[in-house]
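What follows is a short report on a single structure.
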Amino acid sequence: MSNRKAELEILITDLNERLSRYEAHQQRKGGALDKDSEKQAQQVQNDEVVDSLEEETRSELAQIKTALERIDQGLGGQCEKCGEAIDSRRLQVLPYTTVCVACAEG
Ligand SMILES: [Zn+2]
């Protein structure tokens, strides 16, 4: 269990680093948009990609924090929805998951 926690802490650090890179990108765009409209379109498209990556990263971070809270409460191995035990192999592959396979698929 403590292994899983350590793994999640590493993931959080990793995701936070990614987030700051996305934020740095978004701040740069506040500057000059390229005057060339084709390049500008490309730039806007890139920004949209970064926006959605940023959103994805934020929701991953939220999920990891929920998982850590549940681990602290001693519920880390239990499904958040049905209360059944989460398969340990599933936890190895997805250390941040808080639901069992059945609930994830259902
Ligand atoms: Zn379940």
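The values are calculated or read from the model by the stated rules, or taken from the named source; none is laboratory data. Just so you know, these numbers come straight off a predicted model, no measurement behind them. Glycine also receives a Cβ, built like all others from the backbone with ideal geometry; neighbour counts cover every protein chain displayed. For the accessible areas, the whole protein counts, side chains as well, though only heavy atoms, and no ligand, DNA or RNA atoms are used. Shrake-Rupley method; radii C 1.70, N 1.55, O 1.52, S 1.80 Å.
Overview of results
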item: Heavy atoms of D47 accessible to a 1.4 Å probe, total area in Å² rounded to 10; result: 20
item: Carbon and sulfur %, accessible surface of segment 41-106 computed with the full protein complex present, 1.4 Å; result: 47
item: Degrees between helix 2-29 axis and first principal axis of the chain (Cα, 0 to 90, nearest 10); result: 10
item: Lysine pair number, Cα distance threshold 26 Å (strictly under), the chain, separation 8 or more or different chains; result: 4
item: Solvent exposure of the chain as accessible area per residue, Å², 1.4 Å probe; result: 68
item: Theoretical ellipticity at 222 nm over the chain - DSSP helices of four or more residues, -39500 (n - 2.57) apiece, nearest 500; result: -24000 deg cm²/dmol
item: Calculated FRET efficiency for the pair A104/K65, C-beta based, R₀ 22 Å, to 0.05; result: 0.75
item: Segment N46-L94, extension gain: residue separation times 0.36 nm, minus the distance between their alpha carbons; result: 14.4 nm
item: Dipole-positive endmost among L68, L91, N3 within the chain (Cβ charges, Cα centre); result: N3
